[in-house]
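*Asks:* Okay, here's the structure, questions in a sec.
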Amino acid sequence: MTTPRIVVTGIGASSPLGGTAPESWSGLLAGESGARSLEHEWVAKYELPVTFAAEAKVRPEEVLARPMAKRLDPASQFAMIAAMEAWEDAGAPDVEPERLGVDFATGIGGVWTLLDAWDTLREKGPRRVMPMTVPMLMPNAAAGNLSLHFGARAFARTVASACASSTESIVNAVEHLQDGLADIVIAGGTESAIHPITVASFASMQALSRRNDDPATASRPCSVDRDGFVMGEGAGALILETEEHAKARGAKIYAYVVGGGVTADSYHITANDPEGRGAARAVRLALDMAGASPDDVTHINAHATSTPVGDPNEYQALRAVFGARIDEIPVSATKASTGHLLGGTGALEAIFTILAIGQRQAPPTINLTTQDPEVPFRISGSPQDLGAGDQLAISNSFGFGGHNAVVAFATA
């Protein structure tokens, strides 16, 4: 039996660069930064050592109706916004509920709901804790609410593999479609974890940039003076379906999802394997699934978080796959503009990768002051022309716990 080809027919996003996918893409191409000083009383109250982050540019309450917003944690709010945009972008397809699935991820889940409820319990007692607290804080809340909203009855699945979460969900969605479990899947990921406890924790780990005086330039992937990542928030959603189903309904096709690879390092709970073996295997798996060789790849969206150790480790992993050619492939490190959306980052970067190959331009990487000689990617502060002809690109995501996920896209 022939394996069905999987296509992307809709995209949606809410990010630090914009409230929609087109706005986020335009901001990225323009070299904007989503990082800003945090204007919350808790920054001073808790004397946080990091006072900035990349919050979503458009707040959920500006988009969602109040009754819907009240029953969703911010992470689920962003998921709903992105998925609703993607669904409309795909033409609001008419599909049997039993043939519509959801694969939607998060790295942390409803941290705001959980910790607000804890504050309420301590300060006001158990009677004041909301009955909806658990349904709002659970990691599968976004997937469950999307299933309810769109009437998806095939399945509603959640991956929680830290910063690899939403890329892994996209790979899972492809496999579920190829296995015939659905005709359409709403895939992606979300995160809203810019909270004092997470900021304090990441800062305690020495993982965050400390450039409080200049947030816009704090995320500096591949730059010799990088000093940590910038927390971001938001969501990305993709409508995936079989090519046969998409063409039968006359849907526009953004790209083909041609491969995916998911592996584990089994090395350390937070540090990635310095030899990049797991990451390299994930890339090879994605290319094998695509029936492609490393020579076919025309663009890479790197995970590139702007940490001193992570960026060179990713370079070594890719060099193990591509050899010296890695220095010739146009690379984008888009977290320089968006910050790191944790469980939502892979879906947003998948959208950027799809648009990059469709428009034949790799987005710029801002804040690259002096490129680190240990990370000699072909990277630029300006968009890079990908040239005419067929394109094949990969997007990388790596997460705490040793999770590696890679997805490959080809032009339609």
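*Asks:* Which of the residues spanning region 380-412 are over 20 Å from the mean Cα position of the chain (by Cα) and assigned to a loop (DSSP other than H, G, I, E, B)?
*Replies:* Within region 380-412, SER380, GLY381, SER382, PRO383, LEU386, GLY387, ALA388, GLY389, ASP390, GLN391, ALA412 meet the criteria.
*Asks:* I've got another one for you. Kindly check whether there is at least one residue in region 373-391 that is touching a helix residue (DSSP H, G or I) at 6+ places or on another chain (Cβ under 9 Å) and either at pLDDT below 95 or not assigned by TED's automatic domain parsing to the domain that holds ARG277 (or both).
*Replies:* No, region 373-391 contains no residue that is touching a helix residue (DSSP H, G or I) at 6+ places or on another chain (Cβ under 9 Å) and either at pLDDT below 95 or not assigned by TED's automatic domain parsing to the domain that holds ARG277 (or both).
*Asks:* Does SER161 fit the bill of being over 19 Å from the mean Cα position of the chain (by Cα) and of a type in the set (Ser, Thr, Tyr)?
*Replies:* Answer is no for this residue.
*Asks:* Say whether the condition of being at pLDDT 95 or above, aliphatic (A, V, I, L, M), in contact with an Asp or Glu (Cβ under 7 Å, 6 or more places away or on another chain) and more than 18 Å from GLY236 (Cα to Cα) is met by at least one residue in region 306-323.
*Replies:* Checked against the condition, which is being at pLDDT 95 or above, aliphatic (A, V, I, L, M), in contact with an Asp or Glu (Cβ under 7 Å, 6 or more places away or on another chain) and more than 18 Å from GLY236 (Cα to Cα), region 306-323 yields no hits at all.
*Asks:* Might you let me know whether region 292-302 holds any residue that is in a helix (DSSP H, G or I), surrounded by fewer than 17 Cβ atoms within 10 Å (Cβ to Cβ) and in contact with a strand residue (DSSP E or B) (Cβ under 6 Å, 6 or more places away or on another chain)?
*Replies:* The answer is yes, given that some residue of region 292-302 is in a helix (DSSP H, G or I), surrounded by fewer than 17 Cβ atoms within 10 Å (Cβ to Cβ) and in contact with a strand residue (DSSP E or B) (Cβ under 6 Å, 6 or more places away or on another chain).
*Asks:* Only one of ALA235, ALA246, ALA280, ALA286 is under 20 Å from GLY189 (Cβ atoms) and part of a helix (DSSP H, G or I); which?
*Replies:* After applying the criteria, what remains is ALA286.
*Asks:* Oh, and also: Name the strands (runs of 3 or more DSSP E) wholly within region 94-210 that hold at least 1 residues that are touching a Lys or Arg at 6+ places or on another chain (Cβ under 6 Å) and at negative phi?
*Replies:* Numbers: elements: 100-106, 155-157, 184-191.
Passing ranges, in order: 100-106.
*Asks:* Only one residue in ALA248, ALA264, ALA271 is without any contact (Cβ under 8 Å) to a residue 12 or more places away in the chain and either surrounded by fewer than 20 Cβ atoms within 10 Å (Cβ to Cβ) or touching a Lys or Arg at 6+ places or on another chain (Cβ under 8 Å) (or both), so which one is that? Before you say what the answer is, go through the steps one by one.
*Replies:* On the way: ALA264 fails: without any contact (Cβ under 8 Å) to a residue 12 or more places away in the chain; ALA271 fails: without any contact (Cβ under 8 Å) to a residue 12 or more places away in the chain.
Of the residues listed, the single one that is without any contact (Cβ under 8 Å) to a residue 12 or more places away in the chain and either surrounded by fewer than 20 Cβ atoms within 10 Å (Cβ to Cβ) or touching a Lys or Arg at 6+ places or on another chain (Cβ under 8 Å) (or both) is ALA248.
*Asks:* Filter region 83-112 for residues that are touching a residue at least 12 places away in the same chain (Cβ under 8 Å), aliphatic (A, V, I, L, M) and farther than 14 Å from SER147 by Cα and give the result.
*Replies:* Within region 83-112, ALA86, ALA90, ILE108, VAL111 qualify.
*Asks:* Would you confirm whether any residue within region 222-239 is closer than 23 Å to GLY323 by Cβ and either surrounded by fewer than 24 Cβ atoms within 10 Å (Cβ to Cβ) or at pLDDT 95 or above (or both)?
*Replies:* yes
*Asks:* Here is a follow-up. For the subset of region 304-337 comprising residues that are in contact with a Leu (Cβ under 8 Å, 6 or more places away or on another chain) and not in a helix (DSSP H, G or I), which member is surrounded by the fewest Cβ atoms within 10 Å (Cβ to Cβ)?
*Replies:* The selected residue is PRO330.
*Asks:* Also, quick follow-up: Any residue at all in region 113-131 that's surrounded by fewer than 21 Cβ atoms within 10 Å (Cβ to Cβ), in contact (Cβ under 8 Å) with a residue 40 or more places away in the chain and of a type in the set (Lys, Arg)?
*Replies:* So far as region 113-131 goes, no, none of its residues is surrounded by fewer than 21 Cβ atoms within 10 Å (Cβ to Cβ), in contact (Cβ under 8 Å) with a residue 40 or more places away in the chain and of a type in the set (Lys, Arg).
*Asks:* Still on this structure, please answer the following. Can you name every residue in region 1-37 that is surrounded by fewer than 21 Cβ atoms within 10 Å (Cβ to Cβ), in contact (Cβ under 8 Å) with a residue 24 or more places away in the chain and more than 30 Å from GLN178 (Cα to Cα)?
*Replies:* Result: GLU23, GLY27, LEU29, GLY31, GLU32, ARG36, SER37.
*Asks:* Which of the residues spanning region 350-379 are in contact (Cβ under 8 Å) with a residue 60 or more places away in the chain, under 30 Å from VAL199 (Cβ atoms) and either among the hydrophobic types (A, V, I, L, M, F, W, C) or assigned to a helix (DSSP H, G or I) (or both)?
*Replies:* Those that are in contact (Cβ under 8 Å) with a residue 60 or more places away in the chain, under 30 Å from VAL199 (Cβ atoms) and either among the hydrophobic types (A, V, I, L, M, F, W, C) or assigned to a helix (DSSP H, G or I) (or both): ALA350, ILE351, PHE352, ILE366, LEU368, VAL375, PHE377, ILE379.
*Asks:* Continuing with this model, one more query. Residues of region 61-84 being surrounded by 23 or more Cβ atoms within 10 Å (Cβ to Cβ) and either under 15 Å from SER15 (Cα atoms) or outside the structural domain of LEU100 (by TED's automatic domain parsing) (or both), which ones?
*Replies:* PRO74, ALA75, SER76, GLN77, PHE78, ALA79, MET80, ILE81, ALA82, ALA83
The values are calculated or read from the model by the stated rules, or taken from the named source; none is laboratory data. Every value quoted in this text rests on a predicted model; they were computed, and no experiment measured them. Neighbour counts run over all protein chains shown; Cβ positions are idealised from the backbone, glycine included.
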